[in-house]
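Everything on this sheet refers to the single structure shown next.
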Amino acid sequence: MTKTITLKVNGTEHTVEVEPRTLLVHLIRENISMTGTHIGCDTSSCGACTILINGKSAKSCTILAVQADGKEIATVEGLATAEGLHPIQEGFHLNHALHCGFCTPGMMMRAVEMLEKNPNPTEEEIRWGISGNLCRCTGYNNIVKAIQWTSAKMQGKELPSTEPEFV
Amino acid sequence: MIAENFKYAAPSSLQEAYELLHEYGDDAKILAGGHSLVPMMKLRFASPTHLVDINNIPGLAYITEEDGYLKIGAMTREHELEESSIITNKYHVFTDASKLIADPQVRNFGTIGGNIAHGDAANDHPAVMLALKAEVQISGQDGDRMVSINDFFHGFYMTAVQHGEILTEIRIPVPRNKFGSAYHKEERKVGDYATAGVAVAIEIDDNGVCTNAGIGLTNVNPLPMKVERSEAVLIGSRLTTEDIATAAKYAAEDCSPSEDLRGDEDYKRHLVKVITKRMLNKAIQRAKS
């Protein structure tokens, strides 16, 4: 038995018919055809499927699509605007915060909520903040730098150097 | 991974939820935060025929101090506990625990009621509740009833919540004396279940005598465990180094950990001893400051 649900994804309303067991990540990727949200572990461990539900970061592989009925969803596709990249995308780009890029959409969506709640996090707060997102390439340092850079940018502060550090 | 088929309902009142639970019978499950249930359904360890989603029922998420109790609504999310000033000013055990439960995204949705009602000795809140001597409000068509946390856990995934009932509130007696509490679990990585975890709550009077002590253990016993022998040593004690060491020793002796990938029995008992001691010292320090 299917259920009809209505939700907003990046500002656009969608009415979709889903089985109750459909996961939100599948609804987003398959019904709405937005494949920026990735499926990594499929066990709510890796965070690649992180999106925002009414502004709160969530692992969309562990939420049923029917639970998103009436909610506002934000995915990585909604970050950039006609004016250009979102500061977090710019931060990741300039700070080389991705190699393969698989974790990046989830990492950025998580960072967006973190900076919304705490515009000026310490390095430790950033590392705790992204503790639910796994990256197998970067070693996290450049991701932390990217979030610090974005934090400065969003507050209009002096921007930290984006030069790579060679140790 | 996709769960087996089920029927889904999202009632907007408790009354409606009770009716649905009655109508659907034993194979219905309550969906709160969903971060324990949905993974189990995806793995097909659980295949309920019906899900009753209680997220649309208003009035189940709150944190207040009234009538001598800290009252927490069952649908209060972990992140709300992390951010509540009542909690962060006084009930540090929650702040310690919340930080170690899963990860930020899961804490945005996971609820305190679900963490307890899941009935898993590996979850963190059961030990915290035991240490704080909580009472749990269970509600159903016949009204509300209060159950002491000591009588709440019946077995693996089995609790005092009967068919057709919903856990609605947690009550913790507001401490009368100087109060300190702390929680720590050893985990292999973020989001892991505890190798061993210990929750501690103590009250100290003006003469430095301990008037109330609670110790709860995570994942080192088939059921969430309260360590009565350790509590008895501490109550009436001046919390000397010897008494703390004895309490820690009893906790390690009385629990019943099983060997798994996280460690063998001896290692887990050792962890319980070390963490109990550290958490007692931390709670004492917090009570005195």
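Cβ-Cβ distance of A:Gln155 and B:Glu66, R₀ of 41 Å, FRET efficiency by 1/(1 + (r/R0)^6): the value works out to about 0.55. Per residue, chain B exposes an accessible area of 41 Å² to a 1.4 Å probe, with every protein chain left in place. Stretched out straight at 0.36 nm per residue, the stretch from B:Thr241 to B:Asp142 would grow longer than its current Cα-Cα span by 30.7 nm.
Dividing the mean sequence gap of close Cα pairs (under 8 Å, 6+ apart) by how many residues chain B holds gives a relative contact order of 16 percent. Below 8 Å between Cα atoms, with a sequence gap of 6+, how large is the relative contact order for the range B:113-247 in percent? Once normalised by length, the contact order is 25 percent. Of the cross-linked pairs B:Lys42/B:Lys268; A:Lys71/B:Lys99; B:Lys133/B:Lys185; A:Lys59/B:Lys42; B:Lys99/B:Lys277, those separated by over 22 Å at the C-alpha level are B:Lys42/B:Lys268; A:Lys71/B:Lys99.
Take each residue in A:1-10, count the other chain C-beta atoms within 10 Å of its C-beta, and the mean is 1. What whole-number distance in Å separates the alpha-carbon centres of the range B:60-115 and the range B:135-176? Comparing the Cα centres of the range B:60-115 and the range B:135-176, I get a distance of 17 Å.
Between B:Asn123, B:Asn219, B:Asn55, the residue with the greatest mean-square fluctuation in the GNM of chain B (Cα pairs under 10 Å linked by springs) is B:Asn55. When B and A come together, around 2500 square angstrom of accessible surface is lost from both chains combined, probe 1.4 Å. A Gaussian network model of chain B, with springs between Cα atoms under 10 Å, assigns the largest mean-square fluctuation among B:Val227, B:Val174, B:Val128 to B:Val174.
Computed over the protein assembly as shown, the range of Cα coordinates on each principal axis works out to 69, 63, 42 Å, biggest value leading. Accessible surface area normalised per residue over the range A:3-78 is 36 Å², counting heavy atoms of protein chains with a 1.4 Å rolling probe. Surface composition of the range B:7-53: carbon plus sulfur atoms hold 49% of the accessible area, using a 1.4 angstrom probe and ignoring ligands, DNA and RNA. Report, in whole Å, the centroid distance computed from the Cα atoms of the range B:196-251 and the range A:10-71. Taking the Cα centre of the range A:10-71 as reference, the centre of the range B:196-251 is 44 Å away. Of the solvent-accessible surface of the range A:87-154, computed with a 1.4 Å probe and all protein chains present, 55% belongs to carbon and sulfur. Computed about its Cα centre, the charge dipole of the protein assembly as shown is approximately 900 debye, with only Lys, Arg, Asp and Glu carrying charge at their Cβ.
The values are calculated or read from the model by the stated rules, or taken from the named source; none is laboratory data. Remember, predicted model here, so these are calculated numbers, not experimental data. In this analysis, Cβ positions are derived from the backbone assuming ideal geometry, glycine residues included, and neighbour counts consider all displayed protein chains. Just the protein is used for accessible areas: all its heavy atoms, side chains included, with ligands, DNA and RNA removed. Shrake-Rupley method; radii C 1.70, N 1.55, O 1.52, S 1.80 Å.
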